[in-house]
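Working notes, structure below.
The values are calculated or read from the model by the stated rules, or taken from the named source; none is laboratory data. Being a predicted model, the structure only gives us computed values, none of them experimental. As a convention, Cβ positions derive from the backbone with ideal geometry for all residues, glycine included, and neighbour counts pool all protein chains shown.
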Amino acid sequence: MPRGSLRLLFLYDVGEELDLARARAILGSEEARRTAPLTHQPRYLGFEEPPSLIGVDRFPMDGDTLADAEYKAFSYGVFSLALRVPFDQDWDSLIAHSVKLLEDAALARLARRKAEEITTRIGEAVRGAYPEWLSEDYLVIEIEDPASAEQILLERPSEVARLVRGETLRLARAEEQEVLAGTMSCYPSDVMVVGWAAAVVADSSPEGREGTRQLLEYANSQLLEFRHYDARLGSILRELYALMQQKPGFFRRWRLVAEAERLNHLRLEVAELVERSENSLRLLGDMFYARAYKMISARIGLNDYRHLVDEKLKTAGEMYEFLVDQFNHQRAFLLEAIVVLILIIDLVVIFVKPH
């Protein structure tokens, strides 16, 4: 019978940046840190600026159940609320419990209200606050002290696949195989299976479970950032496409140039933010976790959004060059017309001047 913890992650993109030191000072979280469970950062996770634990709490679930809650802030504007619910139950009960958590809209609303409450309190630490938040929810099923993590996949492939997919009904064999394709294991005592909305992490080592959970949390925070960049680029590109469909005119071209400058500013800003967010984590000297992060990025859809942003940045660059080129042609034509007009005026003056 499996034993461990359900870790439900709620992540919100609240602003352009979060001042971690300021957030800790406002919440007085040095005291909170001393009362919080120790969060060990594995040696192979090298954050440029590590996410900061800014508070701990007991979070009300359904009925009288209270979950351990941790509140984290990432410097690039992401706020994370992580709930921990212990379990010690049979596989069918665990599957039903995990599916209920994934589909619990009331719990999601409670989590968002708590996130709004805390971000309001640390408002001075949020730079460039967004009026609307993007969010990501993710469930990590941590199985502790497995006799053999590999044996779990041999004996319980259907149950593991259902946990990862969030399904109570048994999946077709082909679907099970697709889910279990997202599997990695370094030792016989550890295994992780990663899916779009949930992951199963079985590991006898607390450090191993914590490291994998931090990778999953970080990857989901990056997914939020790339979704935000994709939406911003998509919005301004749609505006420019609509403007270019209007009837040609002299003043429209000048307006397009102003829009092109705005597009280029956003393009450079997004490129800088993408580079900064991608460089915010270095996996130090551990090839297994480097490969694990690549697999996690692929399974949760991070690579898809990264590709979309790259394509839109490329399109934005090409559109900027086209609009500037069109403006330069018009400006050159206007200058030539002015020169010709001046020459005509000079000729008129010469010929009509009385001798």
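For the reader, a short list of remarks on this structure follows.
- Meets criteria (of a type outside the set (D, E, K, R) and more than 18 Å from the chain's Cα centre (by Cα)) for S93: yes
- Breaking point among (1) assigned to a helix (DSSP H, G or I); (2) crowded, with 20+ Cβ neighbours inside 10 Å; (3) not assigned by TED's automatic domain parsing to the domain that holds L263, for E210: (2)
- Checked against the criteria, G195 counts as within 20 Å of the chain's Cα centre (by Cα), closer than 20 Å to P2 by Cα and among the small types (G, A, S).
- Among the conditions (1) surrounded by 18 or more Cβ atoms within 10 Å (Cβ to Cβ); (2) outside any helix (DSSP H, G or I), I152 misses just one, which is (2).
- The condition of being farther than 22 Å from F87 by Cβ and without any contact (Cβ under 8 Å) to a residue 40 or more places away in the chain holds for G123.
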